[in-house]
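Below is one structure, written out as structure tokens; the observations come after it.
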Amino acid sequence: MSKEDRMNLEEITPFRQSLIDMIEDPGMDGVRHSGGFTSSYAEPGNVSPGSGPGETSLDNSHRDVTNPSGTRGNDAPHDAFLPLLPGSFSELGLRSNDITPLILKFLLTCGTQTGKEIARQIRLPLGIIGGLLRELKEERLLVYKAAAPAGDYLYDLTEAGCERGRRYWEQHTYFGSAPVPLSDYIAGVLAQSVRKQSPTLRDLQRALRDLSVKKAMLIQLAQAVHSGLGLFLYGAPGNGKTSLAHRITRAFGQAIWIPRAISVEGNIIRIYDPNNHEPLPLSPEEEIHAGRIDDRWIRIRRPTILVGGELTMDNLEIGINQATGVSEAPLQLKSNCGTLVIDDFGRQRISPAELLNRWILPLEQRRDILTLANGRKIEVPFDQLIVFSTNLEPRELVDEAFLRRIPYKIEVTDPSEDEFRNLIQQLASTMGIQHDDTPINHLIENYYSKHRRMMRYCHPRDIMQQVRTYCTVLDLPMVITKEAIDAAAKNYFALH
């Protein structure tokens with residue numbers, strides 16, 4: 001094996017991320033402490049176990065997961081989900097065969113390690129995996145090299161352990177955090193669902209506080225976000241559709257927990273993606289509970305995942321890295337409990353009809369069916385706000401059946417002249433540029449009215465940046481002048 005094949009930064013040098021503690025009411029009926037998490041359930045029967053460990057399917061009605069604190073998630077300081085440390089190996093919901101490959105591949109790659117270092121690598125307490133380490137020694141796969149402090153040992157592979165580790169490596173190279181059973185992942189998603197947050201108009205106003213949004217459109221957006229059912233944002237380019245979509249997730253609350261990886265029938269699927277998920281630290285008041293948290297879970301900012309023209313059907317299925325053999329979650333799974341933005345919809349490498357056929361049932365039933373490498377189908381929550389952002393009319397892209405499943409269609413219109421002027425003045429003040437009405441009138445009359453050019457919300461920002469650059473390069477006072485406006489307009493509108 002080459003060094004590149006063996007190295008996996010996340011696994012070899014794990015980033016220790018404590019998870020936030022949440023408000024819990026031990027006296028509330030239905031609070032369950034098993035499988036390394038605690039949530040409050042109406043009835044656990046709506047999630048039925050599959051045929052093997054870690055398998056779970058969703059029935060037609062998701063179980064209700066209520067908030068023990070009695071407050072809405074984005075108003076309360078905590079959500080009603082706490083991934084607790086399991087009390088024993090049996091409470092992991094995993095088999096020894098799910099953990100053994102991680103241990104052997106870690107030692108195969110990194111050499112002799114203490115039991116504590118092994119536990120840190122796979123993010124499970126030494127007290128839980130100690131019995132498994134003894135079993136592996138009895139099976140002559142591990143050997144004690146020496147004693148270590150606090151009753152620990154230095155572990156190394158035997159010849160048989162090396163051989164077994166190499167066979168595991170040929171299957172896939174993952175040896176990071178121990179996975180979480182699919183059933184626990186489903187419980188976590190349902191407990192933190194966007195549809196349970198029910199953000200209000202005030203929540204959305206806070207989320208969009210750095211944007212200029214018309215009141216009528218803000219009310220439309222608030223209804224769509226409150227429902228959690230998805231929306232079309234359509235209209236001319238340059239009016240902030242993508243900026244709106246990026247910020248909407250803030251209305252649902254700040255943080256959620258996701259497992260770093262899940263296990264389904266012995267398959268490990270990586271959920272945590274550092275390219276799309278932003279880890280969040282504990283607040284000082286939460287630090288006191290850090291020792292109770294299951295470190296297989298990571299606290300992240302509610303995700304906003306944006307995909308554009310590069311979207312393909314492969315992105316919507318469980319992917320396998322051909323070089324490592326590691327399975328990666330599809331985009332919709334990574335965006336659960338957050339927002340998935342399909343930007344520039346209609347210009348993807350797949351047609352709107354293909355996307356329609358793939359998502360028409362998940363959008364209606366709020367669950368998705370994915371295919372494992374062995375061909376087996378699994379059901380997972382489809383729990384995110386879907387935002388389709390497009391410059392085209394929705395009816396030009398998809399048929400009535402699809403439009404019915406996206407109940408909110410919101411047009412992002414051009415600014416009025418007054419709004420345009422106000423934006424220029426606000427931005428100029430923010431940038432430290434002096435301004436008055438004369439050069440702004442010059443801009444509107446000569447570069448908009450005269451050419452019948454439509455105003456866009458992005459124009460004030462872009463033109464003011466051009467004015468600032470013009471003044472800086474020519475070492476002029478930061479003042480909007482006709483000359484600065486002419487120079488900015490020539491550059492921006494490609495005028496001769």
- Query: At a Förster distance of 60 Å, what's the computed FRET efficiency of Gln254 paired with Asn374, Cβ-Cβ distance as r, to 0.05?
  - Reply: 0.95
- Task: Would you please give the FRET efficiency between Ser212 and Ser88, computed as 1/(1 + (r/R0)^6) with r the Cβ-Cβ distance and R0 = 56 Å, to the nearest 0.05?
- Result: 0.50
- For a quick protection proxy, order the peptides 445-452, 362-369, 187-194, 472-479 by their average other-Cβ count within 10 Å, most packed first. 187-194, 362-369, 445-452, 472-479
- Note on the structure: With label points set 7 Å from each Cα along the Cα-to-Cβ direction at His451 and Gln205, the distance between them in nm comes to 3.8 nm
- What fraction of the DSSP beta bridges in segment 90-208 is antiparallel, stated in percent and rounded to the nearest 5? 100 percent
- Query: Around Val387, what is the net charge, scoring Lys/Arg as +1 and Asp/Glu as -1 over all other residues with Cβ under 10 Å from its Cβ?
  - Reply: 0
- Residue span Arg395 to Asp436: 0.36 nm per residue of separation minus Cα-Cα distance leaves a gain in nm of 10.4 nm
- According to a simple spin-label model (label point 7 Å from Cα along Cα-to-Cβ), what is the distance in nm between Arg120 and Asp414? 6.1 nm
- Give me the number: length gained by fully extending Arg301 to Gln220, i.e. 0.36 nm times residue separation minus the C-alpha to C-alpha distance, one decimal in nm. 26.7 nm
- Message: Starting from 0.36 nm per residue, how many nanometres of slack lie between Glu287 and Leu474 once their C-alpha separation is accounted for?
- Response: 62.1 nm
- Would you list, by chain and number, the lysines whose Cα falls below 21 Å from the Cα of Lys215, excluding same-chain residues fewer than 8 positions away? Lys241, Lys409
- With the cut-off at 16 Å, report for segment 417-492 the share of all Cα pairs above it, as a whole percent. 41 percent
- Message: Please enumerate, by chain and number, the lysines with C-alpha under 21 Å from the C-alpha of Lys105, excluding those fewer than 8 residues away in the same chain.
- Response: Lys3, Lys116, Lys137, Lys145
- Message: If R₀ is 30 angstrom, what is the calculated FRET efficiency for the pair Ala160 and Glu265, using the beta carbon separation as r and rounding to 0.05?
- Response: 0.70
- Item | Separation of the Glu170 and Ser429 label points, Cα + 7 Å toward Cβ, nm | 7.1 nm
- Please give every one of the lysines within straight-line cross-link reach of Lys450, meaning a C-alpha to C-alpha distance under 17 Å, and leave out same-chain neighbours fewer than 8 residues apart. Lys482, Lys490
- Query: Of all the Cα-Cα pairs you can form in segment 252-327, what percent are over 19 Å apart?
  - Reply: 50 percent
- Let me see the pair-distance distribution of segment 357-496: every alpha carbon pair, 10 Å bin width, integer percents in order. 10, 29, 18, 14, 16, 11, 3
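None of the figures in this text is laboratory data; all of them are computed from the coordinates on show. Keep in mind the model is a prediction, meaning the values are calculated, not measured. Cβ atoms come from the backbone with ideal geometry, glycine included; neighbour counts cover every protein chain shown.
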